[in-house]
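Below is one structure, written out as structure tokens, with a few remarks after it.
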Amino acid sequence: MSAIQSTLALKVDVDTYVGTRDGVPQLLKILERFGIRATFYFSLGPDNSGKAIRRIFRKGFLRKMLRTRAPSMYGMRTMLYGTILPAPFIGKELPEVLRSIGKAGHEAGIHCWDHVKWHDYLPRFTKQTTFRELDQAGTVFSEIFGCRARTTAAPGWTVTADSLEIQDSLRLTYCSDSRGESPFFPTMNGRTFKTLQIPSTLPTMDEMLGENGITPETINEKYLQLLKPGLNVHTIHAELEGNALSKTFIELLERLTARNVRFVTLAEAAAEFGADAQSCELRMTYIEGRAMPVALQAAKGCETRQQ
């Protein structure tokens, strides 16, 4: 009996103005070199990255910033946007960069309107505020691409029952808001939602760098160890793999292609691996390498979905 091939979907989170302007074009060159199509999720409103300084009082946040060398990774201007420097509006100022994704054959979706606002305050949002954040992003997305978005991915893997309900109302094909092992339909607060989740299965580079002696020179060996047969979903960031960590990312792709790993978009992953998806509990909890909780698929207790 032949071994099951490893399949990898690359999910590209684009959080910032600089990541959009500089990181996305660099990633497009890298992906073209390897003949890989990916799924890009864009922040479409104001880049208020500087306001993330409020997280300094959260346990583990400062350590993560130091461990990942965030100022050098993201750049000082980005870390001042929305505070000392005015917040640039990403979608309105860089529409051609976003359109270049579709022209290159990649898939595009909504990450958010205001990344920091969603990540830090979603649990406090009213349902109307949650809707407004997605609606504003959806309007700009439609203006840029000439069609409505078919997929979204929440900043920082941060969700609530309200955000899942609103996503259901948007008639999305699937979402990628969570961490987990396989495609599933989320259950939260006793409610089961109808939009398929394609969770990220692998840790991000910024979660692993600096932990347990892992460096840019050794991290790819760890990824090869974590790769499993069947579907793997790897979230990368335009600000990192498209910038300071681009050489490390290129080496990872070289090693993956040498292993004959098959690359797909998230839409292709949803079509191929989502047919037998079960309903699984989704809860906000802490995972290693992150200072804030993420939406995590329950490892046990999933149920066959009632049609």
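The values are calculated or read from the model by the stated rules, or taken from the named source; none is laboratory data. This structure is a prediction, so every number in the text was calculated from the model and none was measured. A quick note on method: Cβ atoms are made from the backbone with ideal geometry, for glycine too, and the neighbour counts reach across all protein chains shown. All accessible areas refer to the heavy atoms of the entire protein, side chains included, with ligands and DNA or RNA removed. Shrake-Rupley method; radii C 1.70, N 1.55, O 1.52, S 1.80 Å.
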Using just the helices of the chain, give the 222 nm mean residue ellipticity in deg cm²/dmol: DSSP H runs with n ≥ 4 each add -39,500 (n - 2.57), and the total is spread over all residues, rounded to 500.
-> -9500 deg cm²/dmol
If eta is 1.306 mPa s and T is 10 °C, what Stokes-Einstein diffusion coefficient results for the chain, Kirkwood Rh from Cα pairs, in µm²/s?
-> 82 µm²/s
So, in nm, how far is label I214 from label L80 when the simple model puts each one 7 Å beyond its Cα toward the Cβ?
-> 3.3 nm
Rounded, prolate or oblate: pick one for region 91-175, where a ≥ b ≥ c are the square roots of the eigenvalues of its C-alpha gyration tensor, a/c under 1.5 means rounded, and failing that, prolate if a/b is larger than b/c, else oblate.
-> prolate
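Mind checking the dipole of the chain: about its Cα centre, +1 per Lys or Arg Cβ, -1 per Asp or Glu Cβ, Debye to the nearest 20?
440 debye
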Taking every other residue with Cβ under 15 Å from the Cβ of A104 and scoring Lys and Arg +1, Asp and Glu -1, one gets +2
From phi via Karplus (6.51, -1.76, 1.60), per-residue ³J(HN,Hα) for region 193-205 in Hz, x at Gly/Pro | 9, 9, 8, 4, 9, 10, x, 6, 9, 10, x, 7, 4
What is the chain's relative contact order, in percent, from Cα pairs under 8 angstrom and six or more apart in sequence?
-> 27 percent
Might you tell me the accessible area per residue for the chain, computed with a 1.4 Å probe and given in Å²?
-> 45 Å²
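To the nearest 20 Debye, how big is the dipole of region 178-237 about its Cα centre, given +1 on the beta carbon of each Lys and Arg and -1 on that of each Asp and Glu?
460 debye
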Which residues qualify? For S43, with a placed amide H closer than 5 Å and at least 5 residues away or on another chain, they are V14, H111, C112
One can check that the equivalent ellipsoid of region 5-56, built from the alpha-carbon gyration tensor with semi-axes equal to the square roots of five times its eigenvalues, has lengths in Å, largest first, of 27, 14, 9
Interchain or long-range residues, amide H under 5 Å from A9's placed H = N232, V233, H234, V264
Between the alpha carbon centres of region 229-252 and region 1-51 the gap in Å comes to 8 Å
Global form of region 235-307, assessed from the alpha-carbon gyration tensor, a/c cut-off 1.5 = oblate
Give me the percent of the accessible area of region 92-155 that comes from carbon and sulfur atoms, probe 1.4 Å, all protein chains in place.
-> 53 percent
State the cysteines of the chain left without a partner when partners are defined as other cysteines whose beta carbon lies under 4.7 Å away.
-> C112, C147, C175
Once the whole set of protein chains is in place, how much accessible area is left on C302, using a 1.4 Å probe, in Å² to the nearest 10?
-> 40 Å²
Output the relative contact order of region 90-201, whole-number percent, from Cα pairs under 8 angstrom with separation of 6+ residues.
-> 22 percent
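Given an 8 Å cut-off on Cα distances and at least 6 residues of separation, report the relative contact order of region 143-215 as a percent.
Reported relative contact order: 27 percent.
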